[in-house]
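Peer 1: Dropping a structure here in structure tokens format, bear with me for questions.
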Amino acid sequence: MFVRGRGFLAAVRAGRGPLLRTALPLMVLAGAVTALAQSPRWGRGAWQPRAVHEGLPEERGGFMFCRLLYTSVRREPGGQGWSTDYPVSDGNFMTRLSQFTETPISRWSPEEPGYVVVRATDPNLFQCPLLFASDVGTMGLEDAEVERLREYLLKGGFFWVDDFWGDRAWRHWVDQIARVLPGYAIEEVPLDHRILSTFYQVDHIPQIPSIQFWRGSGGATSERGDESAEPHLRAIFDESGRILVLMSHNTDIADGWEREGEDLRFLDAFSPDAYALGINIALWAMTH
């Protein structure tokens, strides 16, 4: 991917990015292991941790990264349901968005970005400029959740789903989103779509694996072999061309945010591309 931009993304790609090579605030990185509450909560098929925070941050002066909490009804290798890559990816992304673009962000405290978790039936959903979900090949939506997500999207919401791999996960996801938006087609996002040049110029969709798969495979990127060899960016558009749902399939963009402080080789290989695409999408969601 060629990223034409400024700040630390271009510097990291050139190997000159000192800020991205330092640890993020202790609450984001050192606290990642203990941040999730340990009380188990079983859904229809998967253990799910609780969210770090409930409700919305008091300081809501800017962008909020909202993650959808859903129930998993099946399992995918390497996935953890709604909490995949949470909470570190969410906090890191908000931090980098504010640094690279000077976009104001909401905060739980001066040290902690205001990333939030919402259920589809939560009234706070309608405060979210961008709704994000991981591992959606395991998602099972209740009828009430289906209705509320449809309402959110048709009233102007933006839903981005990431980190689901292969044909089985894709088919399951398509079945779920078809209940939310029946009759809407899923289309490939063309590389000349303006969402890919909102802030950084992105010329192809990166395939970013989980760091565990990347290490264990000796540097491979396709987590399902030939079946997931090609990453895709697909979307559901409304009648006016507005993006309702964006889908990054056969790639794990959020792992490029989550693992930036863990392995310099992984950072150099994947984090610049992950942030470039993510920042473009966030800015698009806030302005369209």
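The values are calculated or read from the model by the stated rules, or taken from the named source; none is laboratory data. Since the structure is predicted, the reported quantities are computational estimates derived from the model, not experimental observations. Virtual Cβ from ideal backbone geometry, glycine too; neighbours counted across all protein chains shown. Heavy atoms of the whole protein, side chains included, go into the accessibility calculation; ligands, DNA and RNA do not. Shrake-Rupley method; radii C 1.70, N 1.55, O 1.52, S 1.80 Å.
Peer 1: If 163, 268 are ordered by their accessible area, calculated over protein heavy atoms with a 1.4 Å probe, which sequence runs from highest to lowest?
Peer 2: These residues rank, largest area first, as 268, 163.
Peer 1: Additional query: Keeping all protein chains in the complex and leaving out DNA, RNA and ligands, what accessible area do you get for residue 115 with a 1.4 Å probe, in Å² to the nearest 10?
Peer 2: For residue 115, the solvent-accessible surface is approximately 10 Å².
Peer 1: A further question on this structure: Can you tell me the length gained on complete extension of the stretch residue 142 to residue 187, counting 0.36 nm per residue apart and subtracting the Cα distance?
Peer 2: 13.7 nm
Peer 1: What trypsin sites (Lys or Arg not before Pro) in region 169-266 are in a loop by DSSP, with at most 14 other Cβ atoms within 10 Å of the Cβ?
Peer 2: 242
Peer 1: Below 9 angstrom from the Cβ of residue 248, what's the summed charge of the other residues (Lys, Arg +1; Asp, Glu -1)?
Peer 2: Neighbour charge sum, excluding residue 248 itself: -2.
Peer 1: Now for a separate question. Per 0.36 nm of contour for each residue apart, how much would the distance between residue 54 and residue 111 grow if the chain were fully extended, relative to their Cα-Cα spacing?
Peer 2: Here the answer is 18.8 nm.
Peer 1: Calculate, in nm to one decimal, what residue 98 and residue 179 gain on full extension: separation in residues at 0.36 nm each, minus their alpha carbon distance.
Peer 2: Gain in length upon complete extension: 25.6 nm.
Peer 1: Can you say what percent of the DSSP beta bridges in region 59-217, counting only those with both residues inside, are antiparallel? Round to 5.
Peer 2: 35 percent
Peer 1: Taking the Cα centre of region 173-288 as origin, sum charge times position over the Cβ atoms of Lys and Arg (+1) and Asp and Glu (-1), and report the length of that vector in debye to the nearest 20.
Peer 2: 220 debye
Peer 1: Next up: FRET efficiency for residue 242 and residue 265, Cβ-Cβ distance as r, R0 = 45 Å, nearest 0.05?
Peer 2: Working from the Cβ atoms, E equals 0.70.
Peer 1: With a cap of 12 neighbouring Cβ atoms within 10 Å, and only residues DSSP puts in a loop, list the GluC sites (Glu not before Pro) found in region 202-281.
Peer 2: 239
Peer 1: Hey, with R₀ at 30 Å, roughly what FRET efficiency would residue 75 and residue 127 work out to, going by the Cβ-Cβ distance, to 0.05?
Peer 2: My answer for the efficiency is 0.45.
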